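Heads up: the structure comes next, in structure tokens.
The values are calculated or read from the model by the stated rules, or taken from the named source; none is laboratory data. Quick caveat: nothing in here was measured; it's all calculated off a predicted structure. Ideal geometry is used to build each Cβ from the backbone, glycine not excepted, and the neighbour counts take in all protein chains shown.
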Amino acid sequence: MALAEVHEVQGINYRKYESMFFEPQFLRVEPGDSVVFVVEDFDHQPQSVFIPEGADHWKAEKGKSITVELNREGVYIYDCAYHNVMGMAGVILVGRPVNSEEAQLFFKQYKNKTFAMNKDRLDAIWERWGQSKGTE
Ligand SMILES: [Cu+2]
């Protein structure tokens, strides 16, 4: 059995011409791995907004890092409860994308409703998915 790994996602306040985003915005991990959302200031508040069936939602305290163990396969979408209006969100794929169609449908509605800025920030993730269809 492979050892569970711990991955890191950072909340970035400002870099070059971009502000308020997670890095990496897309992360692929194996079931049982953990993700640490590293948050130092600016009241970032990572929270899940879409998860596979049977998985658990998470929500950090304002301005606090949080570690999440991801045991269910599928696509997870998360954002910063405080800056999601600025498009501060990301996607994690755990194992195989068993719920990717559901996730993409959710994301379309979610971003129209939630993002006021950087509306196309995560679009490349889903485009890449479309291209890799049939090869998985
Ligand atoms: Cu934030």
Restricting the range 46-79 to residues that are in contact with a helix residue (DSSP H, G or I) (Cβ under 8 Å, 6 or more places away or on another chain) and within 16 Å of the ligand (Cβ to nearest atom), the one nearest to Phe26 (Cα to Cα) turns out to be Ile77
Residues (part of a strand (DSSP E or B), modelled with pLDDT of 95 or more and of a type outside the set (A, V, I, L, M, F, W, C)) located in the range 1-20
His7, Glu8, Gln10, Gly11
